[in-house]
Amino acid sequence: MEAVPARARAYVACVVLGALMCLLPLPAPRTPWWAMTLLAVLYACGEWLARRRFPGTFYPVLLAGVFLLPPPAAALVALPGALLSPVERRPAWLRRLWRAAELVVAVWAAGQVFRALGGRDAVVASDVPYALGPAAGAVLAFCAVLTVLDGGILVVAERVPVRRAWRGLLLRSLAPVGVHGLAGLMMAVLWRSPYGPLAALLVLLPMGVSWWAFAQYHRERGAHQATIRALVQAVDIKDEYTRGHSERVGQASMMIARELGMDDERVEVLRFAGILHDVGKLGVPTRLLRKDGPLTPEERRVIELHPEYGHEMVRGISFLGEARAAVLHHHERLDGSGYPYGLVGSQIPESARVVAVADAFDAMTSTRSYSRARPVAAALEELERCAGRQFDPVMVAALVRVVRRSGWDPVVTADGVPSRRVHPPHSPVSSRAGADR
């Protein structure tokens with residue numbers, strides 16, 4: 001991502017300026033520079049390892065600095081790790097600068113809250129019960145600052161609507177950062193005890209074990225993703241005219257789910273549902289999938305078996321959850337004229353109603369062997385016309401809102417050539433409904 005919007009650069013510059021102000025005045029001469037340097041090295045090494053080997057970040061040492069050092073000194077602990085940690089997306093320098101600036105501000109705020117609540121005296125006296133309250137306040141302040149700053153960057157850089165930018169960010173961060181904060185508090189107390197810094201480092205051992213277990217979970221999740229990609233690639237190879245269709249339907253399903261305010265876990269499940277909705281086509285003769293022109297009634301009956309084939313294929317994959325119902329029912333219609341079971345209205349699972357809209361939208365806006373791509377505006381108008389009979393009006397309205405606001409940016413076209421971004425439509429054009437075979 002080389003082209004960063006000017007407003008995003010200005011936002012980052014403001015946060016960097018705020019971070020510089022947090023570092024002033026510089027730590028006093030009596031600050032234990034050796035402790036600050038040791039914590040900074042530990043944090044940098046832990047952050048590098050976390051981003052290379054484990055999913056997540058390395059906060060225990062950072063929060064231990066909050067509990068041990070003056071706020072400006074604790075904020076300096078974050079700089080080496082944030083500036084040197086691996087970055088996957090470009091521009092790397094801007095992302096590192098942003099990460100360093102927001103951590104400096106968050107650590108400084110946490111340190112100020114911790115000191116204001118009397119936490120420093122409790123740590124010096126090794127009074128763990130009394131230190132828990134100030135530590136909880138510091139963790140809350142740390143999470144709150146990161147939430148405010150991260151939500152802001154979503155608004156200015158990703159154009160996420162304000163009403164959704166901060167939704168759930170604070171609650172999702174409190175539990176993991178709270179655990180890291182407890183480990184950091186134990187490190188600080190042991191550091192101040194007669195056993196010294198070496199004993200404090202032992203606190204990191206159980207954290208390493210928990211990270212290893214978490215990494216195993218993510219490796220398993222990666223295996224799930226690989227399984228899904230393999231199934232989708234098999235469908236794309238068999239039906240070359242719909243190459244990329246599964247990913248686009250997954251993308252549109254995810255957009256609808258987010259617009260409806262669903263939680264991240266369910267959004268991911270609906271993305272899987274969209275990606276896998278046509279996996280049953282592996283059981284359909286290739287000549288029917290690639291046939292030019294309309295299908296005969298007998299051929300259409302064969303095609304209409306693909307939802308059941310797909311459901312049988314994914315029925316044993318437990319992590320898909322309600323995505324399996326979407327695979328089976330994404331061709332049902334609200335008026336009962338769909339297949340395979342002719343379900344009516346709310347009898348159709350919500351996941352299937354989401355995928356049905358996403359599927360029809362991409363079918364209308366993609367070139368197939370039997371139809372040419374239609375304008376996005378025409379597709380949205382047709383979805384609105386068919387809402388209430390064929391499609392769920394709530395799902396249609398959600399897709400229309402998000403596409404008109406953010407545009408439609410599919411990964412590939414039907415012929416495999418990367419497409420240009422389609423900007424939000426302004427002039428609707430009349431068209432007939434389209435549906436994927």
Between Arg401 and Glu265, take the C-beta separation as r, use R0 = 25 Å, and let me know the FRET efficiency to the nearest 0.05. 0.65
Of (1) 22, 41, 26, 11, 1; (2) 23, 43, 27, 7, 0; (3) 22, 53, 24, 1, which is the value of P(r) over Cα pairs in 20 Å bins from 0, in percent derived from the coordinates here? (2)
Show me the GluC sites (Glu not before Pro) within region 38-118 that DSSP assigns to loop and that have at most 13 other Cβ atoms within 10 Å of their Cβ. Glu88
Between Ser126 and Ala223, what FRET efficiency comes out of the Förster formula 1/(1 + (r/R0)^6) with R0 = 41 Å and r the beta carbon distance, rounded to 0.05? 0.35
Identify the chymotrypsin sites (Phe, Trp or Tyr not before Pro) of region 150-197 meeting these criteria: DSSP loop state and at most 13 other C-beta atoms within 10 Å of the C-beta. Tyr195
With the full set of protein chains in place, find how many percent of the accessible area of region 48-170 is carbon and sulfur; take the probe as 1.4 Å. 63
Rounded to the nearest 500, what is the chain's calculated 222 nm mean residue ellipticity when only DSSP H runs of at least 4 contribute -39500 (n - 2.57) each, over all residues? -21000 deg cm²/dmol
Accessible area per residue, Å², the chain with all protein chains present, probe 1.4 Å: 47
Within the chain, which complete DSSP H helices have Cα atoms spanning at least 27 Å along the helix axis and a mean Kyte-Doolittle hydropathy of 1.6 or higher? 128-157
Based on the Cβ-Cβ distance from Leu295 to Arg372, what FRET efficiency comes out when R0 is 22 Å, to the nearest 0.05? 0.80
What spacing in nm lies between the two simple spin-label points modelled at Arg9 and Arg167, each 7 Å away from Cα in the Cβ direction? 3.2
Normalised by the residues of the chain, what does the relative contact order come to in percent, with Cα pairs under 8 Å and at least six apart? 11
Please work out how much length the chain gains when fully extended from Ile237 to Leu20, using 0.36 nm per residue of separation minus the C-alpha to C-alpha distance, in nm with one decimal. 72.7 nm
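The values are calculated or read from the model by the stated rules, or taken from the named source; none is laboratory data. These figures come from a predicted structure and were not determined experimentally. When we count neighbours, we look across all protein chains shown, and the Cβ atoms used for this are built from the backbone with ideal geometry, even at glycine. These accessible areas exclude ligands, DNA and RNA; they are computed on the full protein's heavy atoms, side chains included. Shrake-Rupley method; radii C 1.70, N 1.55, O 1.52, S 1.80 Å.
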